[in-house]
Structures are given as C-alpha cells and as structure tokens.
Amino acid sequence: MMRSIRLYFRCLFTFSWILMLVVCVAFTVQAFADDQVVAVVNGQTIKAPELESHMSANQLGRELAVEDLIDLQLVRSAVIANKIKAPSGAWSAEIRTEVEYALAKALKLDVPPPRKYIVVDHAWIKDEAEEKDRAVTLALLVKLRDLVKAGSSIPEAFNKLIVDGSNWHIGDHEEYPYDVIPAEASDLPPGSLSEILPGDEGKHLFKIYAKKEQYPSSAEFR
C-alpha cells in the first residue's frame, strides 16, 4: 500500500515537471516569435507581430506585406527628413496616398494633379419637340426646384411630383468628375442648389453635396 502511494506521488511529481517544462518551452517559442526581426530599415526594426498585423489589415501575403512595410518605413523616414506634416500612428490607405503625394511634390517628382470629383443630387429632363410641351416640362422642373429649396432632396421632390419619369433622370448622391458638371453648378459650394441649366438636349438641376480630391497612387509617379 505505501509503495503504491509513493509511486503515485512520484508519477504526479514527474508529470508536474513535464507540464512546467512544456509551458516554459511554449512561452519561450512565443517570446522568440514576438521578438523575431523580419527586416531592418534605416536602423528601425520590423518585427513579426507588426508583420502579422499588416498582413491581416491589408489582406497581403507575407512576402508582399514585408515589401510594403519596408516601403512604408522608407516613406515615413523621408517624410520626417523633408519636414512634411503627417499624422502619427497607423495610416489609412487614403492618408498614405495623400502623404506619398505630398512627398513626391516635395521631391519635385513629375506627378499628375489630383482628380477632382463632385457629389450631387441630379435631375435632368429631356426637351420636348414642341414648344408648348417644353414649357410644361420646364414648369415641372421649376416646381421640383422649389420643393428642394423647401428642404426635400431631389429624389424626394421628384416623388412628390407624381409624373411619368420616362423622360427624366433622377440621381441620388451621384459622383462625377469635376469637369463633367457645368461650371455654373460645380463652382458652387457644398449645400448649394443650382439654377436650372440647359445641356444634353434637356435641362439640368444640381444639389451640391461634397467636393473631393483623389490623389494619384504612388504607382503613377514612381
């Protein structure tokens, strides 16, 4: 009986040491992985956790993620060297594009200008063949504009007219290149409502919501 008890405790003691050894090895492996350096750029290390996070956030494979992190570190160093204002911390894709564009301009690279876009509600009605019919459609567009001035969006105002929409185009927050919209509308500040403007064999009305710039990616000027 005593021999069985001693054997039991001896086995339990041995198992505990094995378990502790496994745990220690696991922590050592994890610590090694967390401390593993995958690249060094200008004296700055890129370690495994940063790489894993970058792969996950940008849906990149390991090789592309390493290249992109090296590129990003070079950009950050150049930004500091050229005294370019840039946010601290992680950069979104949009912020990175803007920073890289500013850096390219500072380095006097040949870069294309930002592409300008405008976001609008848009109404267009086709001109009728007969003068009397054109007067009727113009009156409808004037009524629609009055409804928008009173607080409706263009789509909401159009629904209130209860008319046949076959000769109409109604757009809700459409995005156009800046030079596609007539200057009488595109030059207005956000929140503005244009006058009724002729064009495209009909009449246009625009409610301006936003103006945006899309910077060219670094691939376009490297």
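The values are calculated or read from the model by the stated rules, or taken from the named source; none is laboratory data. None of these values were measured; they are calculated from a predicted model. Cβ placement follows ideal geometry from the backbone for every residue including glycine, while neighbour counts extend to all protein chains displayed. Areas reflect the complete protein model, heavy atoms only, side chains present, ligands, DNA and RNA absent. Shrake-Rupley method; radii C 1.70, N 1.55, O 1.52, S 1.80 Å.
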Unmet criterion (only one of (1) among the hydroxyl-bearing types (S, T, Y); (2) under 15 Å from I118 (Cβ atoms); (3) touching a residue at least 24 places away in the same chain (Cβ under 8 Å)) for S192: (3)
Output the number of residues of segment 92-118 satisfying the condition of being aromatic (F, W, Y) and open to solvent by 40 Å² or more (accessible area, probe 1.4 Å). 1
Pairs needed: first member in segment 202-219, surrounded by 13 or more Cβ atoms within 10 Å (Cβ to Cβ); second member anywhere, among the acidic types (D, E); C-beta distance under 6 Å; at least 6 residues apart or different chains. G202/D127; K207/D121; Y215/E98; S218/E100
Among the residues of segment 125-178, count how many are without any contact (Cβ under 8 Å) to a residue 12 or more places away in the chain, open to solvent by 80 Å² or more (accessible area, probe 1.4 Å) and not polar (S, T, N, Q). 10
If you check every pair at least six apart or on different chains, which have Cβ atoms under 8 Å apart with a residue in segment 56-81 that is under 14 Å from V41 (Cβ atoms) first and a residue that is charged (D, E, K, R) second? L69/E50; L72/R96; V75/R96; V75/E100
